Amino acid sequence: MPNLASWHPQIVHFAIALLCVGVLFRWISLTGRAAFTGPAAAVLLLVGTGAAVLAVKSGTDAHGPVERVPGAREAVIEHEDWGKRTRNLFLAVAALEILALGLARRSARVAKGLTVASALVGLAGGFALYEAGEHGGELVYAYAGGVGIRYGDTTDVNRLLLAGLYHSAQQARTLHDSARAAELFGELARRFPDDTTVRFLAIESLIRDQNDGRAALAALARLSVPPDNQRLRLRYGFLKVDAFLAAGRPDSARATLEQLARDFPDVQRIKDRLAQIE
């Protein structure tokens, strides 16, 4: 069987959707109120079980590099264990559904009992599915598992590094550790010197974390933004205002805002900033 590691996210989401709806339809079918839910439940549960089998296979194919992330091994194992429990429970559900289909014409009573059993086991499977999904989400969001390994694209890893530096810097700022925030934003700028957003963040850090308006103004002078990009022009203008204020030049800050107001007369934030300075 081919390696399915890169397909794990897609397969998992199909399995979750098919099995959740399948279990729901099976329980609705037991009420006898919606006749279509019986056959629909059987199809969804059988196809969803197949997807669960493939999800476990693809997850097993993908687990090696994720497991080697420091601190992630236990989380990977727990996710795998819940995935296997989910697969096994829904294999039991699939067996019950197949038996019910096979015995439907011979004994409606037995077939009914099998569908009830399928619904009960499906509830247990649904719980296991939830746990597998929760632990999978933990791998993605708490350990960054899978980043950069699906296609071997180093761009993903670079984005992860960028995001890590950014969030660490923002966290330091939240904790009022200005020196640490400035250090991290500086490292971000050194590693990604051509990224306009990163350059804006570094300039903002000169103002907010170091209170160095002159350095911020010098950095802004080296930065050009497209004249047709309103968002970047506004970001540039507001940073320039903040830099002038940090440098003790309120008149220049006011003049900059007045120019922005002429260029963008409908932007309320400019008017609010002008009112604050005045």
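The numbers here are math on the coordinates, done by the rules we state, and not lab data. No experiment lies behind these values; they were computed from the predicted model shown. Here the Cβ is made from the backbone with ideal geometry for all residues, glycine too, and neighbour counts use every protein chain on show.
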**Prompt:** Separation between the residue 196 and residue 107 pseudo-spin-labels, each 7 Å from Cα along Cα→Cβ, expressed in nm?
**Reply:** 7.3
**Fill in**
Going from the fewest other Cβ atoms within 10 Å to the most, one would list 127, 192, 185 as 127, 192, 185
**Asked** With contacts defined as alpha carbon pairs under 8 Å and 6 or more residues apart, what's the relative contact order of the chain in percent?
**Response** 11
**Item:** Net charge dipole size for region 5-143 [Lys, Arg +1 and Asp, Glu -1 on Cβ; Debye, nearest 20]
**Value:** 880
**Request:** Would you calculate a helix-derived [θ] at 222 nm for the chain, using -39,500 (n - 2.57) for each DSSP H run of n ≥ 4 and dividing by the full residue count, to the nearest 500?
**Result:** -27000 deg cm²/dmol
**Complete:** Among 196, 55, 118, the residue whose Cα sits farthest towards the positive end of the charge dipole of the chain (+1 at Cβ of Lys and Arg, -1 at Cβ of Asp and Glu, taken about the Cα centre) is 118
**Item:** Label-point separation in nm, residue 214 to residue 24, each point 7 Å along Cα→Cβ
**Value:** 6.4
**Request:** Just tell me, in residue order, which DSSP H segments of the chain are both 27 angstrom or longer along the helix axis (alpha-carbon based) and at least 0.5 in mean Kyte-Doolittle hydropathy.
**Result:** 8-29, 37-67, 108-143
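Mind putting a number on the dipole of region 159-277 about its Cα centre? Charges go on the C-beta only, +1 for Lys and Arg and -1 for Asp and Glu, and I need it in Debye to the nearest 20.
Charge dipole, region 159-277, about its Cα centre: 80 debye, nearest 20.
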**Fill in**
Of the candidates 45, 31, 13, the farthest towards the positive dipole end of region 1-75 (Lys/Arg Cβ +1, Asp/Glu Cβ -1, centred on the Cα centre) is 31
**Residue order, fewest to most surrounding Cβ atoms within 10 angstrom, among 130, 141** = 141, 130
**Message:** Just to confirm a number: summing +1 for Lys and Arg and -1 for Asp and Glu over residues other than residue 72 whose beta-carbon lies under 11 angstrom from that of residue 72, what do you get?
**Reply:** -2
**Calculated FRET efficiency for the pair residue 6/residue 124, C-beta based, R₀ 22 Å, to 0.05** = 0.10
**Prompt:** For residue 252 and residue 17 in the same chain, what is the full-extension length gain: residue separation times 0.36 nm, less their Cα-Cα distance, in nm?
**Reply:** 78.8 nm
**Message:** How charged is the neighbourhood of residue 19? Take every other residue with its Cβ under 11 Å from the Cβ of residue 19, and add Lys/Arg as +1 and Asp/Glu as -1.
**Reply:** +2
**Asked** With charges set only on the Cβ (+1 for Lys and Arg, -1 for Asp and Glu), what does the dipole of the chain come to about its Cα centre, in debye to the nearest 20?
**Response** 840
**Asked** What residue among 124, 35, 111 shows peak mean-square fluctuation when the chain is described by a Gaussian network model with Cα springs under 10 Å?
**Response** 35
**Asked** What order, most packed first, do the peptides 252-259, 169-176, 50-57 have when packing is the mean number of other Cβ atoms within 10 Å of each residue?
**Response** 50-57, 252-259, 169-176
